[in-house]
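The values are calculated or read from the model by the stated rules, or taken from the named source; none is laboratory data. It should be emphasised that the depicted structure is a prediction, and the values quoted were computed from it without experimental measurement. Here the Cβ positions follow ideal geometry from the backbone for every residue, glycine too, while neighbour counts run over all protein chains shown.
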Amino acid sequence: MIRAKSLACPEGFESPNPLTANPVTIDAETPISVAATKMLMNRFNSLPVVEENGRVLGIITSTDVLSSSEKMVKELMHLRQR
């Protein structure tokens, strides 16, 4: 599960001029590996995390992906040493 960084957006806010008609997004249940793949394939450094209705929950960045990967590697190394 992805923990999105919260975006400070007024309740009910909708942009009158969206930047992209069909943006590449993920939902909160998207695995980190899928988010990373979408970022790499599209050459993005971040992706919006949205609900089913399109409401933005937050954003995941390449730094978040790297941080998560680093934590997983450390956990695996610790388990391997047992």
How many residues of the stretch 48-69 are in contact with a Lys or Arg (Cβ under 6 Å, 6 or more places away or on another chain) and of a type in the set (A, V, I, L, M)? The answer is 1
task: Tell me, please, whether a residue that is touching a helix residue (DSSP H, G or I) at 6+ places or on another chain (Cβ under 9 Å) and surrounded by fewer than 13 Cβ atoms within 10 Å (Cβ to Cβ) can be found in the stretch 50-61.
output: no
Taking the stretch 42-53 and keeping only residues that are touching a strand residue (DSSP E or B) at 6+ places or on another chain (Cβ under 9 Å) and either under 13 Å from Asp64 (Cβ atoms) or not in a loop (DSSP other than H, G, I, E, B) (or both), one is left with Asn45, Ser46, Leu47, Pro48, Val49, Val50
- [ ] Would you be able to say whether some residue in the stretch 37-46 is surrounded by 10 or more Cβ atoms within 10 Å (Cβ to Cβ), in contact with a Pro (Cβ under 8 Å, 6 or more places away or on another chain) and at pLDDT 95 or above?
- [x] no
Residue hits (the stretch 51-82; closer than 16 Å to Val34 by Cα and in contact (Cβ under 8 Å) with a residue 12 or more places away in the chain) are Ile59, Ile60, Thr61, Ser62, Asp64, Val65, Ser68, Ser69
Checked Met39, Met72 against criteria (hydrophobic (A, V, I, L, M, F, W, C), over 10 Å from the mean Cα position of the chain (by Cα) and either part of a helix (DSSP H, G or I) or over 17 Å from Thr20 (Cα atoms) (or both)); the one match is Met72
